[in-house]
Amino acid sequence: DAGVIQSPRHEVTEMGQEVTLRCKPISGHDYLFWYRQTMMRGLELLIYFNNNVPIDDSGMPEDRFSAKMPNASFSTLKIQPSEPRDSAVYFCASSIGTFGEAFFGQGTRLTVV
Amino acid sequence: QKEVEQNSGPLSVPEGAIASLNCTYSDRGSQSFFWYRQYSGKSPELIMFIYSNGDKEDGRFTAQLNKASQYVSLLIRDSQPSDSATYLCAVNPSRGGTSYGKLTFGQGTILTVHP
């Protein structure tokens, strides 16, 4: 398996623009996680899905953030409108079962100017 | 109190020494525990997991778990410069024996192994 695949790897956008990050989990994994990593706050869980259903979105910073998982092999994280403080590395990860270890994608480095 | 706490370091050890990384967690019902390694500019990579009290060894790595003390540690024997990275402790919280399925991470400990 190719592992968790994220796109794009890098994104530079202007404040106010919409940003969409994409993730393809490992085939057969039933959990999908979106994390954000910054120097100040470390690795924060934004939202996670089980069998394509959002389970906990309490980590989503505000209404500008939304995530979807239309099927088992694809998820998106959207920021609209984007702000400079959204600049971070966004990771997608997937796992099997409730105790399974999570495998991370390569991340998307987002810069909002 | 943070859910998962680690000393941010940096922890500096000489090549060949034992590096000891520590982590405490607040959720007493947590069921599984993980150590990830993250090189600068890269994604976290799983190196160890442990579910039961005691020690678990894998090559140069040993994970130790003490649920009564809510404490997890990672020992790296014969440390190498290539071990220089940030080490992240992750905990799988639960309620009433039912896991939430998610991982909560500590801030990470920066380890530097100098020749």
- Query: Does B:LEU46 fit the bill of being surrounded by 12 or more Cβ atoms within 10 Å (Cβ to Cβ) and away from chain A (no Cβ under 14 Å)?
  - Reply: no
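Out of the residues in segment B:20-33 that are of a type outside the set (S, T, N, Q) and within 10 Å of the chain's Cα centre (by Cα), state the one that is nearest to the other protein chains (Cβ to nearest Cβ). Break it down into steps so the answer makes sense when it comes.
Filtering segment B:20-33 down to residues of a type outside the set (S, T, N, Q) leaves B:21, B:23, B:25, B:27-29, B:33.
Checking which are within 10 Å of the chain's Cα centre (by Cα) leaves us with B:21, B:23, B:33.
Details: B:LEU21: 15, B:CYS23: 13, B:PHE33: 10 Å.
In this case the residue turns out to be B:PHE33.
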- Hits in segment A:68-90 (condition: under 23 Å from A:MET39 (Cα atoms) and without any contact (Cβ under 8 Å) to a residue 60 or more places away in the chain): A:LEU77, A:ARG85, A:SER87, A:ALA88, A:VAL89
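Would you check if B:ALA90 is buried (at least 19 other Cβ atoms within 10 Å of the Cβ) and either touching a Lys or Arg at 6+ places or on another chain (Cβ under 6 Å) or β-branched (Val, Ile, Thr) (or both)? Please lay out each step first, then the result.
On the way: buried (at least 19 other Cβ atoms within 10 Å of the Cβ): yes; either touching a Lys or Arg at 6+ places or on another chain (Cβ under 6 Å) or β-branched (Val, Ile, Thr) (or both): no.
No: the conditions fail for B:ALA90.
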- Query: Restricting to segment A:38-48, what's the tally of residues that are under 11 Å from the mean Cα position of the chain (by Cα) and under 16 Å from A:PHE103 (Cβ atoms)?
  - Reply: 2
- Message: So B:ASP58 ticks every box in (1) within 14 Å of chain A (Cβ to nearest Cβ); (2) closer than 30 Å to A:ASN51 by Cβ but one. Which box is left unticked?
- Response: (2)
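Yes/no matrix, rows are residues, columns are (1) touching a helix residue (DSSP H, G or I) at 6+ places or on another chain (Cβ under 9 Å); (2) under 15 Å from B:GLY101 (Cα atoms):
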residue	(1), (2)
A:SER7	no, no
A:HIS10	no, no
A:ARG22	no, no
A:ASP30	no, yes
A:ARG36	yes, no
A:GLY42	no, no
- Query: Checking A:LEU46 against (1) within 28 Å of B:SER40 (Cα to Cα); (2) at pLDDT below 95; (3) not in a loop (DSSP other than H, G, I, E, B), which single condition isn't satisfied?
  - Reply: (2)
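Starting from residues that are more than 16 Å from the chain's Cα centre (by Cα) and assigned to a loop (DSSP other than H, G, I, E, B), keep the ones in segment A:1-30 and report whichever is surrounded by the fewest Cβ atoms within 10 Å (Cβ to Cβ).
Filtering segment A:1-30 for residues that are more than 16 Å from the chain's Cα centre (by Cα) and assigned to a loop (DSSP other than H, G, I, E, B), the one surrounded by the fewest Cβ atoms within 10 Å (Cβ to Cβ) comes out as A:ALA2.
Every residue in segment A:91-113 that is in a strand (DSSP E or B), within 11 Å of chain B (Cβ to nearest Cβ) and more than 13 Å from A:THR13 (Cβ to Cβ), please.
Here is the first cut: in segment A:91-113, the ones in a strand (DSSP E or B) are A:91-95, A:103-104, A:108-112.
Next, only the ones that are within 11 Å of chain B (Cβ to nearest Cβ) stay: A:91-93, A:95, A:103-104, A:108-109.
Once the filter is applied, which keeps residues that are in a strand (DSSP E or B), within 11 Å of chain B (Cβ to nearest Cβ) and more than 13 Å from A:THR13 (Cβ to Cβ), segment A:91-113 yields A:PHE91, A:CYS92, A:ALA93, A:SER95, A:PHE103, A:PHE104.
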- Quick one: which of B:TYR71, B:TYR51, B:TYR36 is over 23 Å from A:MET40 (Cα atoms) and within 14 Å of chain A (Cβ to nearest Cβ)? B:TYR51
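Tell me yes or no: at least one residue of segment A:93-111 is on the phi > 0 side of the Ramachandran plot, of a type in the set (Gly, Ala, Ser), out of contact with any helix residue (DSSP H, G or I) (no Cβ under 6 Å at 6 or more places or on another chain) and at pLDDT 95 or above.
First, the residues of segment A:93-111 that are on the phi > 0 side of the Ramachandran plot: A:97, A:107.
Of the ones still in play, those that are also of a type in the set (Gly, Ala, Ser) are A:97, A:107.
Next, only the ones that are out of contact with any helix residue (DSSP H, G or I) (no Cβ under 6 Å at 6 or more places or on another chain) stay: A:97, A:107.
With at pLDDT 95 or above added as a condition, the list becomes A:107.
Yes, the conditions are met somewhere in segment A:93-111.
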- Query: Filter segment A:50-84 for residues that are within 14 Å of another protein chain (Cβ to nearest Cβ), polar (S, T, N, Q) and closer than 19 Å to A:ILE26 by Cβ; which is surrounded by the most Cβ atoms within 10 Å (Cβ to Cβ)?
  - Reply: A:ASN50
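The values are calculated or read from the model by the stated rules, or taken from the named source; none is laboratory data. All of these numbers come straight from a predicted model, not from anything done at the bench. Every residue, glycine among them, receives a Cβ derived from its backbone with ideal geometry; neighbour counts consider all protein chains shown.
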